[in-house]
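Chemist: Just dropping this structure here.
Values quoted throughout were computed directly from the atomic coordinates according to the rules given, and no laboratory measurement underlies them. Computed from a prediction, not measured in an experiment: that's the story for all the values here. Counting neighbours? That spans all protein chains shown, and the Cβs are built from the backbone with ideal geometry, glycine included.
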Amino acid sequence: MDSKIEIKVTNPKKGDTVGNPAGPSPSSSPSPASQTSPSPEGRHRGHGHWHRHRERQQEEWMVDFMPFKKWVPWLIPGFVLVNIFLFIMTMYINDCPKTSNKCVAEFLGRFSFQPFNENPLLGPSASTLEKMGALQVDKVVKKHEAWRMISCIWLHAGVFHLLANMLSLLFIGIRLEQEFGFVRIGVLYLIAGFGGSLMSALFIQNGISVGASGALFGLLGSMLSELITNWTIYANKAPLLTLLLVIMINLAMGVLPQVDNFAHIGGFISGFLLGFVLLIRPQFGYISQKNVPPGYIAPRKPKHKTYQYVLWVISLILLIAIFATVLVYLLKGINLNDRCSWCHYMSCIPTPLWSCRQRQVYCQSTQFGKSMNLTCISNGKSEMYPLTEETRSQVQQLCSELCR
């Protein structure tokens, strides 16, 4: 949220009195004129002077009063460090020179990247990402590896992917953590990331999916719902249009091929609903008694408006209902593409420049002792792989990488 957003309570208008003194402050006394004037007129002038003096004190207190606590952000920078560390670990385990003789940046040794035709994002192979915990629907449903729904949001397909997501996380997340604290933002990040994984698993059931994009879109969605539910405390409404524009641009970029826009949409919906639940603020005019200086009486106002409570309840019910329904569909192995003929356009729109169809690939395999040679039928490329039980189960995935 822009730090220049104006909070009404720090800029009271005339008549918006937040506190009235119960009696004169010990540090202030009536003016000499009010003490020496015996006439009714003099008493009237003295009372007016005291009233103006009291209003000035109130205004000074109101300007200095900070209505919301500012938190020191540490969780979001910690998340960034964890993502970077896991990417380094992924590259260490990948060990490109061991499986390929065409690695990018070979001077990095085992940290070198897979060939561009296999991974143009400067990163590891798909099989390594799968080993590290990438989202793969078959393993979640058939092997009950539900932990992949969370682990996948900490992995990235390459350097470019990692940089884009981490810069966005710092830009969006730090400001939210400053405003609402690490507990609420941490919970929001994880649940939104899980929601993105759920949506992705229902529509993309071939291949793997990794990245923090779903959680990031959850933070964007929560920013939008926070502006809506706390609408009355903001004097400047312009950031709403800017935020809507940013969200639309990011969702529009998701229709490009090889981008998992379903994770973006699932994360955004989860974060949007969670924002009404976790990021609700007291209404304008509410003052907690513990924040009122001695000698002042704060007006008795309810902490939240009725519409905030209504949005809180509706959002929580919707979130639980959506998550429960999606989990049931996922555990039953339902592919929503079979029930929604147009939904695939939400993730990729075909144009003359690219195609959204996933072409079927075929490879010929030949075993040589403890190694296996795969040859792609469509482009004639060949590659040798160490023959293990894990390799046998990943032949189709290796074939897809070879035929790119």
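Chemist: List the pairs from Lys139/Lys370; Lys142/Lys381; Lys332/Lys370 whose alpha-carbon separation is above 29 Å, in the order I gave them. Could the numbers behind the result be given before it?
Modeler: Values: Lys139/Lys370 26 Å; Lys142/Lys381 32 Å; Lys332/Lys370 38 Å.
Checking Cα-Cα distances, Lys142/Lys381; Lys332/Lys370 exceed 29 Å.
Chemist: Percent relative contact order of the range 142-292, based on C-alpha pairs within less than 8 angstrom and at least six residues apart? Write out the running numbers ahead of the final one.
Modeler: Numbers: 197 pairs, mean separation 49.2, N = 151.
That works out to 33 percent.
Chemist: Of the listed peptides 244-250, 147-153, 157-163, what is their order by residue-averaged count of other C-beta atoms within 10 Å, with the highest listed first? Write down the numbers at each step before the final one.
Modeler: Numbers: 244-250: 12.9, 147-153: 21.0, 157-163: 18.1.
Listed from highest to lowest mean packing, they are 147-153, 157-163, 244-250.
Chemist: Taking the beta-carbon count within 10 Å as an exposure proxy, list Phe107, Phe262, Phe85 from fewest neighbours to most.
Modeler: Working: Phe107 7, Phe262 25, Phe85 11.
Result, fewest neighbours first: Phe107, Phe85, Phe262.
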